[in-house]
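Engineer: The structure that follows is given in the form of structure tokens.
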Number of protein chains: 2
Amino acid sequence: MARRDRVGITDVAAKAGVSVTTVSHVLSSRRPVSEATRAKVMAIIEELDYRPNELARSMRARRTNTVGLVVPDITNPFYTAAARGLQDTLAPAGYHCIVTSTDGDPGTEREVLRQMGTRADGVVISGVGKTTADIQPVLDSGIPLVVLGADLPGGRFDVVTNADRESGAAAAQYLRDKGYRRIAFITSDDDDATAQLRVDGYRDVVGDTPELVVEESVSLEGGNRGVATLMELSEPPDAIVCVNDVVAIGAVYGAKDAGLGVPEDLAVVGFDDIEAAAMVSPRLTTMATASREHGKTAGELLLQRINDEKREPQRVVFPATLIERDSA
Amino acid sequence: MARRDRVGITDVAAKAGVSVTTVSHVLSSRRPVSEATRAKVMAIIEELDYRPNELARSMRARRTNTVGLVVPDITNPFYTAAARGLQDTLAPAGYHCIVTSTDGDPGTEREVLRQMGTRADGVVISGVGKTTADIQPVLDSGIPLVVLGADLPGGRFDVVTNADRESGAAAAQYLRDKGYRRIAFITSDDDDATAQLRVDGYRDVVGDTPELVVEESVSLEGGNRGVATLMELSEPPDAIVCVNDVVAIGAVYGAKDAGLGVPEDLAVVGFDDIEAAAMVSPRLTTMATASREHGKTAGELLLQRINDEKREPQRVVFPATLIERDSA
DNA sequence: ATGAAAGCGCTAACAG
DNA sequence: CTGTTAGCGCTTTCAT
């Protein structure tokens with residue numbers, strides 16, 4: 001007897017000798033029920049271990065109490081933290097969260113968004129391209145949308161993102177204030193909007209010095225190669241800001257391999273504050289992204305929007321915060 | 001015009017001049033439809049940008065095409081990877097995944113499980129206590145369940161877990177084979193079944209040497225203190241296996257601070273193979289857990305079970321695999 | 001304080 | 001090849 005047939009509200013009503021209406025109302029308290037009836041019904045509910053079918057409820061209410069989270073890869077710590085933040089605000093409000101990793105494939109992305117239209121009351125999406133076309137399906141379905149980590153222009157959706165340019169500037173400024181004179185940047189060799197913004201910010205403070213900006217793969221090895229390249233310059237840098245922590249850690253090892261002291265001979269700062277940043281030696285100084293906060297905020301925005309269709313779209317930007325450790 | 005009213009199958013039928021049945025069938029291909037009608041209907045669907053209401057479908061079909069994933073904290077890399085693995089197998093099958101972090105609270109855990117009964121076709125749960133009582137709600141609801149990472153006894157659910165004891169033994173054996181003679185263990189000071197199993201396995205190979213097993217908080221500092229304690233022994237160890245990588249990394253730094261060479265003076269092996277393991281110096285030798293595989297397998301088991309209620313409960317156990325790097 | 005009955009949007013007998 | 005009709009399990013008018 002693997003699955004005793006689901007007991008429905010009708011069964012409860014029958015056994016309690018009342019109408020389904022009444023059962024419904026003892027559950028919702030949306031209209032008075034005599035104490036006697038209520039007790040009787042509750043007893044039966046207990047006895048039958050009745051649980052209302054959420055699906056049927058959602059269908060009637062035209063509200064699923066569910067939101068979707070669409071990310072390229074939930075395994076990426078930034079998205080993981082954001083997912084958790086989203087749940088932090090959603091769970092207390094009685095919402096569930098469907099999460100989907102798309103690997104950045106526009107096809108699945110679109111397909112998922114289509115489905116979310118009827119499965120969710122809102123969706124937060126991140127890692128989408130620069131174009132609004134990607135999110136057209138959700139826009140069309142009319143459900144609230146918040147875009148995470150990309151500053152998409154226009155449209156009836158909320159945006160929560162990093163102040164990437166400002167953070168790039170802040171990293172460079174920090175180094176400069178510390179007395180470093182020749183500050184380099186190891187960036188991504190992919191076309192990455194975030195990376196580009198960080199570089200732009202860096203340029204805002206150090207000016208345009210092409211030979212000091214090198215493009216590398218975003219990996220330990222990339223960081224390694226990056227310092228190698230940089231140290232061959234006739235006038236090598238005394239500090240490097242790296243597009244993220246993985247590259248920065250690679251750079252630190254590259255420097256140490258080259259016999260350079262970090263930070264005495266070469267200072268290194270990263271971005272993101274991944275878990276490993278505090279575990280390497282020297283511990284990495286980095287610009288931390290409030291990823292969990294991003295998620296939380298996205299959730300709040302979504303909830304507001306779900307409850308007030310008319311609210312004007314908002315844009316919230318989080319500055320990165322400098323975590324000063326030992327590498328710079 | 002924030003939300004143009006959802007267009008339903010009735011609207012399509014009306015505008016196409018056919019019955020809803022026909023529309024339904026051009027969508028499902030569950031019965032023949034003349035090419036002319038099909039074309040006409042498709043055109044209208046396109047024109048109206050009609051999308052079937054998944055909720056209504058689920059309700060009729062008594063199948064939600066959704067499974068639940070219940071974990072203590074999605075932010076924990078083991079669970080993140082498992083979540084991804086789960087999606088790896090679920091997405092191609094057309095399933096969505098609702099993920100919930102419970103922070104290990106039995107109350108929310110129970111509440112979530114209750115709801116899943118009607119929202120999901122199956123659930124995978126992990127990080128539950130040793131008792132079957134925790135999962136009673138799902139068991140009662142009759143939907144398929146797979147328990148991840150804990151070897152709960154009995155019941156009609158599948159289990160996928162680590163061979164923790166065997167892995168503990170393997171770690172110790174590896175060290176012994178390398179010629180280390182006095183092997184210690186830094187374990188958790190919490191009551192943690194996994195930790196206990198790893199210690200048991202270690203004991204299986206080195207025997208019972210109480211002074212060599214120390215309990216510490218699971219943190220960098222714990223690892224630090226662990227080595228400190230151990231090195232004060234009249235006969236200090238020449239190798240340590242740590243309950244996980246964070247502790248192991250702490251131990252490595254503890255050893256270096258004490259002027260010990262790793263692995264010459266003190267070898268260290270961890271568990272889990274977290275991202276940082278490959279980023280510290282010396283790079284950490286560790287017993288890797290196939291967490292993504294766990295999730296994948298859980299998904300397969302769930303799918304099988306959803307499609308065949310009668311299938312006997314299964315138990316799949318993954319051995320850890322040794323990642324040999326520089327710390328041992 | 002309580003019921004009867006109409007649907008939410010869809011699928012699947014059952015009938016042509 | 002196509003349509004009519006009865007629900008899935010619930011909430012909510014509208015009555016009483």
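Engineer: Can you name every residue in the stretch A:284-296 that is away from every other protein chain (no Cβ under 12 Å) and surrounded by fewer than 24 Cβ atoms within 10 Å (Cβ to Cβ)?
Structural biologist: Residues satisfying the conditions are A:288, A:290, A:293, A:296.
Engineer: Now for a separate question. Under 9 Å by Cβ, and 6 or more places apart or on different chains, what pairs join a residue from the stretch A:88-108 that is without any contact (Cβ under 8 Å) to a residue 24 or more places away in the chain with one that is in a helix (DSSP H, G or I) and hydroxyl-bearing (Ser, Thr, Tyr)?
Structural biologist: Within 9 Å, the pairs are A:91/B:108.
Engineer: Just to be sure I understand, how many residues within the stretch A:11-27 are assigned to a helix (DSSP H, G or I) and either under 30 Å from residue A:120 (Cα atoms) or within 10 Å of DNA strand D (Cβ to nearest atom) (or both)?
Structural biologist: Number of matching residues: 11.
Engineer: Looking only at the stretch B:43-63, how many residues end up being within 12 Å of DNA strand D (Cβ to nearest atom) and over 41 Å from the mean Cα position of the chain (by Cα)?
Structural biologist: Looking only at that region, the number is 0.
Engineer: Is it true that residue A:37 is more than 16 Å from DNA strand C (Cβ to nearest atom) and out of contact with any strand residue (DSSP E or B) (no Cβ under 6 Å at 6 or more places or on another chain)?
Structural biologist: No; evaluated as a whole, the condition is false for this residue.
Engineer: Looking at (1) at pLDDT below 95; (2) among the small types (Gly, Ala, Ser); (3) buried (at least 18 other Cβ atoms within 10 Å of the Cβ), which is the only condition residue A:61 fails?
Structural biologist: Of the numbered conditions (1) at pLDDT below 95; (2) among the small types (Gly, Ala, Ser); (3) buried (at least 18 other Cβ atoms within 10 Å of the Cβ), the odd one out for residue A:61 is (3).
Engineer: Looking only at the stretch B:175-200, which residues are aromatic (Phe, Trp, Tyr) and within 20 Å of residue B:246 (Cα to Cα)? Even if it seems obvious, please write down each step before you answer.
Structural biologist: At the first step, the residues of the stretch B:175-200 found to be aromatic (Phe, Trp, Tyr) are B:180, B:185.
Hit for the stretch B:175-200 is B:185, nothing else.
Engineer: Looking at residue A:281, is it at the interface with chain B (Cβ under 10 Å from one of its Cβ atoms) and surrounded by fewer than 17 Cβ atoms within 10 Å (Cβ to Cβ)?
Structural biologist: Numbers: at the interface with chain B (Cβ under 10 Å from one of its Cβ atoms): yes; surrounded by fewer than 17 Cβ atoms within 10 Å (Cβ to Cβ): yes.
It is true that residue A:281 is at the interface with chain B (Cβ under 10 Å from one of its Cβ atoms) and surrounded by fewer than 17 Cβ atoms within 10 Å (Cβ to Cβ).
Engineer: Name the residue, out of A:56, A:14, A:43, that is among the aliphatic types (A, V, I, L, M), over 29 Å from residue B:54 (Cα atoms), surrounded by fewer than 18 Cβ atoms within 10 Å (Cβ to Cβ) and within 13 Å of DNA strand C (Cβ to nearest atom). Reasoning before the result, please.
Structural biologist: Working: A:56 fails: over 29 Å from residue B:54 (Cα atoms); A:43 fails: within 13 Å of DNA strand C (Cβ to nearest atom).
Among A:56, A:14, A:43, only A:14 is among the aliphatic types (A, V, I, L, M), over 29 Å from residue B:54 (Cα atoms), surrounded by fewer than 18 Cβ atoms within 10 Å (Cβ to Cβ) and within 13 Å of DNA strand C (Cβ to nearest atom).
Engineer: Now for a different question. Would you call residue A:6 near DNA strand C (Cβ under 9 Å from one of its atoms), closer than 30 Å to residue A:115 by Cα, at the interface with another protein chain (Cβ under 9 Å from one of its Cβ atoms) and not acidic (Asp, Glu)?
Structural biologist: Criteria not met by residue A:6.
Engineer: List the helices (runs of 4 or more DSSP H) that sit entirely inside the stretch B:28-126 and contain at least 2 residues that are at the interface with chain A (Cβ under 8 Å from one of its Cβ atoms).
Structural biologist: Fully inside the stretch B:28-126 and qualifying: B:54-61, B:77-90, B:106-119.
Engineer: Of the residues B:220, B:260, B:230, which single one is out of contact with any helix residue (DSSP H, G or I) (no Cβ under 6 Å at 6 or more places or on another chain), surrounded by fewer than 23 Cβ atoms within 10 Å (Cβ to Cβ), in contact (Cβ under 8 Å) with a residue 12 or more places away in the chain and not aromatic (Phe, Trp, Tyr)?
Structural biologist: Just one listed residue meets the conditions, B:260.
The values are calculated or read from the model by the stated rules, or taken from the named source; none is laboratory data. What you see is a predicted model; the values in this text were computed from it and never measured. Heads up, the Cβs are rebuilt from the backbone with ideal geometry, glycines too, and the neighbour counts pull from every protein chain shown.
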